[in-house]
């Protein structure tokens, strides 16, 4: 028997996503799917939350530059006596400087660890040479690798750069071997079929969202008609897709997944039909305006609300 959902306020996408991925089981499943092709390498029990503040101070000869940055989610993965730092950045929309942004996040993470070595060595006065004193870093010191995933959950495919070289002007061929490129590890929710998930929450979020974006109503009804879905997952998918009726329908349902999913499919179909009709009306009104018809003439066939929307769309072209 599916437990009836309780109505709750829907969070903003970024807030809801952070809450979802802070869970170690989900976080581990995402990294295992992306980095290890589904092999269960990262154990949720081996993950610990880290401070997301990676702000740092870069010291120059005559001044200091302060950089204030906060990461979305960052965890330590303990593999033996050492650990790897795993970061997750969440994107609703493509970011056209994402490689630089991700590089800065990782760089500040390394700087933070280097500064911690400097602080400890100065406190213990255990620099192993004058060169170490100048750098604040002993020759034997080692910092920990940072692996960052960029999780993009928008409706359209990512059309931004995926490496630093994608953002560059033309690099002379002779200089290419000397250019230090940096690529981002991009994960798109539209690519749900590429990954093997074992956590049911993660699988549902990827799959249902992708099916809604693709308007795959048949796939939704076939896969989820008789499957109970937790209210947290429904609320998150509602937040991601903007389909508010999804959460409303599941919150009102007493009959489990069957009634709710059928009703969702019907509502989505109706909504998309209405959006199609609105688009047709908007295109017709814009054409009339461009042909020189007056507002009064257009309002004999269409409502003022439709006219104003079309006028706004035309002005934004």
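Looking only at helices (runs of 4 or more DSSP H) that fall completely inside segment 174-288, which ones have 3 or more residues that are assigned by TED's automatic domain parsing to the domain that holds residue 31 and modelled with pLDDT of 80 or more?
The qualifying helices (runs of 4 or more DSSP H) are 200-213, 231-241.
Would you mention how many residues in segment 143-186 are touching a helix residue (DSSP H, G or I) at 6+ places or on another chain (Cβ under 9 Å) and more than 30 Å from residue 36 (Cβ to Cβ)?
Count: 2.
Working only within segment 14-30, note down all residues that are part of a helix (DSSP H, G or I), surrounded by fewer than 20 Cβ atoms within 10 Å (Cβ to Cβ) and in contact with a strand residue (DSSP E or B) (Cβ under 8 Å, 6 or more places away or on another chain).
Selection gives 14, 18, 24.
So which residues in segment 58-78 are touching a helix residue (DSSP H, G or I) at 6+ places or on another chain (Cβ under 8 Å) and modelled with pLDDT under 85?
58, 67, 69
Which of the residues spanning segment 149-182 are touching a strand residue (DSSP E or B) at 6+ places or on another chain (Cβ under 6 Å) and either over 17 Å from residue 92 (Cβ atoms) or loosely packed, with under 12 Cβ neighbours inside 10 Å (or both)?
Selection gives 162, 163, 181.
Considering each of 141, 159 in turn, give the residue that is closer than 28 Å to residue 213 by Cα and either without any contact (Cβ under 8 Å) to a residue 60 or more places away in the chain or outside any strand (DSSP E or B) (or both).
Only one candidate qualifies: 159.
When you look at residue 43, is it at pLDDT below 95 and in the same structural domain as residue 148 (by TED's automatic domain parsing), yes or no?
No.
The values are calculated or read from the model by the stated rules, or taken from the named source; none is laboratory data. Predicted model, so just to flag it, every value in this text is computed and none were measured. Heads up, the Cβs are rebuilt from the backbone with ideal geometry, glycines too, and the neighbour counts pull from every protein chain shown.
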